[in-house]
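All remarks here apply to the structure that follows.
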Amino acid sequence: MTTLIVAAIFSLMLGGLACRADARFRHEDRLPMQWWITGEVTWSAPRRLALAFIPAVAIATLVVFVIMSLTVPPRAGQEGLVIPTLAGLGTMFIAIQLMHFWLIAKTLRRKTG
């Protein structure tokens, strides 16, 4: 049950970050989704789809993790690692989303500047 609460907290945080970014990038119709090593944008997506992509992947991953934590018993000695692992996954997804926002902002500044 604790895993469900932790996963829900990270899901809400990711959704909140995406909503704030939607307001921040409201003047853009499309946002970059992938960059080449040179910094050139290789493809973009409609703004709301681009901002919902990482939260959607994260929530799907967290749901699978929660289901497995409830149905598959941990190995002996690893019982205390379920919550820290879930917190690590959630933190990783937040870091990825923030990096995506940073790359978007950097690309848009370069485009307008």
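The values are calculated or read from the model by the stated rules, or taken from the named source; none is laboratory data. Predicted, not measured: the structure shown is a model, and the values here were computed from it. A quick note on method: Cβ atoms are made from the backbone with ideal geometry, for glycine too, and the neighbour counts reach across all protein chains shown.
For this structure, a couple of remarks:
- All conditions but one from (1) touching a helix residue (DSSP H, G or I) at 6+ places or on another chain (Cβ under 6 Å); (2) at pLDDT below 95; (3) among the aliphatic types (A, V, I, L, M); (4) farther than 26 Å from residue 1 by Cα apply to residue 37; the one that does not is (1).
- Filtering the stretch 50-87 to residues that are without any contact (Cβ under 8 Å) to a residue 12 or more places away in the chain and under 12 Å from residue 8 (Cα atoms) leaves only 60.
- The set of residues in the stretch 42-56 that are assigned to a strand (DSSP E or B) and surrounded by 14 or more Cβ atoms within 10 Å (Cβ to Cβ) comprises 44, 45.
- Comparison of 39, 90 shows that the only residue that is touching a residue at least 24 places away in the same chain (Cβ under 8 Å) and surrounded by fewer than 12 Cβ atoms within 10 Å (Cβ to Cβ) is 39.
- Filtered residue count, the stretch 57-77, keeping only those that are surrounded by fewer than 13 Cβ atoms within 10 Å (Cβ to Cβ) and not in a helix (DSSP H, G or I): 5
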